[in-house]
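For reference, the structure is listed below as structure tokens.
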Amino acid sequence: MRFASRLAPTKKQMTSSLIPSRNAPAKAVALLAKASTGFATKLAETKTLLQRAAAEYAPVTQASSLGAEDVVITHLINSLQLDIPVFVLETGALHTETLALLERTQAHSRAPILVYRPELESVIQFVRNKGQDAIYKTIELRKECCGVRKMAPLARALKGQKAWITGLRQEQSPARADVPLLDESEVQSKGLYKFNPLSQWTWGDVWHYIATNAVDYNPLHDQFFPSIGCAPCTRAISLGEEFRAGRWWWEDEAAKECGLHAKK
């Protein structure tokens, strides 16, 4: 009896077990999954757009940061059995959680998952000449780092492509408020069409899809990282902050792009 009584939980323990602790935060799917009115229509339009991209705009590829929007698109590509490869820019500065998700995605995706990395010598030269913490000094230096780690690999990833697919959404920031489903602004300069199949989705739509389809996602989202980039450039956000407030948080709001999706 003494042994049994030692194992029996106290009233305090029983009560506290019902309250999420800081060590076990509520999952993003539980907090955020809420489809908007008309979600079924938006999902159907997204599927049609992806099918059109595969049929009419090949060669086409998806750019994935492995964030919530991108894992949704990759899941759709796989479920629709579309011949659209996916590429990831492995900058050499990603969170361990992102790298782990990359490995899991490579292991289970029907679509090929291609990884593009920066030129090692370019990274070494940047750090040697500008310093390990150069990104925090000026916007110009931060963008130079993005140029080495992201823009140069992106150019290699898009070489020979007719179109690419992104996870941009109108809701993400004022700079993205007019993101269209099909962006033709790069056709003249780069010969590239850009598909944004989730442009009209809400954040709740994204997480509704993830929850409904049990999509694997980056656990950093459970720690209030809505937008995830390189580890030195990303932090969690607080209640009331803008969606992309955790990206390059030491800079002015207007500068918060790395160049991949900067408006021309």
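Each value in this text was obtained by applying a stated rule to the coordinates, not by laboratory testing. Everything numeric here is computed off the predicted structure, so don't read it as measured data. When we count neighbours, we look across all protein chains shown, and the Cβ atoms used for this are built from the backbone with ideal geometry, even at glycine.
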A correct fewest-to-most ranking of Tyr136, Tyr57, Tyr217 by other Cβ atoms within 10 Å would be Tyr136, Tyr57, Tyr217
For region 111-264, the dipole about the Cα centre with charges only on Cβ (Lys and Arg +1, Asp and Glu -1), to the nearest 20 debye, works out at 600
note: the chain, Cα-Cα separations exceeding 32 Å make up a percent value of 27
Would you be so kind as to identify which of Trp250, Ala163, Ala214 lies farthest towards the positive end of the dipole of the chain, taking Lys and Arg as +1 and Asp and Glu as -1 on Cβ and the Cα centre as origin?
-> Ala214
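Assuming R0 = 51 Å, what is the FRET efficiency of Ile124 and Ala40, from their Cβ-Cβ distance, to the nearest 0.05?
0.50
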Those residues of region 205-221 whose amide nitrogen sits under 19 Å from the label point placed on Leu181, 7 Å along Cα→Cβ | 205-206, 209
Could you list, in their original order, any pairs among Lys150/Lys190; Lys47/Lys194; Lys42/Lys190; Lys34/Lys194; Lys150/Lys194 whose Cα atoms are separated by more than 23 Å?
-> Lys42/Lys190; Lys34/Lys194
Specify the inter-centroid distance of region 139-188 and region 22-69, based on alpha-carbon positions, in whole Å.
-> 18
Could you size up the charge dipole of region 40-145 around its Cα centre, putting +1 on the beta carbon of Lys and Arg and -1 on that of Asp and Glu, and report it in debye to the nearest 20?
-> 100
When we measure straight from the Cα of Lys27, which aspartates and glutamates land under 12 angstrom away, once same-chain ones fewer than 8 places off are left out?
-> Asp222
In which sequence would Leu182, Leu89 go, from the one with the fewest C-beta neighbours within 10 Å to the one with the most?
-> Leu182, Leu89
Spin-label proximity, Ala26 to region 210-230 - amide N less than 14 Å from point 7 Å beyond Cα toward beta carbon = 222-224
Find which of Ala28, Asn196, Pro232 sits farthest along the positive direction of the dipole of the chain, computed with +1 on the beta-carbon of Lys and Arg, -1 on that of Asp and Glu, about the Cα centre.
-> Ala28
To the nearest 20 debye, what charge dipole does the chain have about its Cα centre, counting +1 at the Cβ of each Lys and Arg and -1 at the Cβ of each Asp and Glu?
-> 780
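In the chain, what % of DSSP beta bridges are antiparallel (nearest 5)?
Roughly 25 percent of the beta bridges in the chain run antiparallel, per DSSP.
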So, in nm, how far is label Val115 from label Gln51 when the simple model puts each one 7 Å beyond its Cα toward the Cβ?
-> 3.4
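If neighbour count is taken as other Cβ atoms inside 10 Å, put Asp183, Asp178, Asp216 in order from fewest to most. Mind dumping the intermediate values first?
Values: Asp183 20, Asp178 10, Asp216 14.
Lowest count first: Asp178, Asp216, Asp183.
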Spatially proximal aspartates and glutamates relative to Lys130 (Cα-Cα < 20 Å; intrachain offsets below 8 disregarded) | Glu119, Glu121, Glu140, Glu144, Glu251
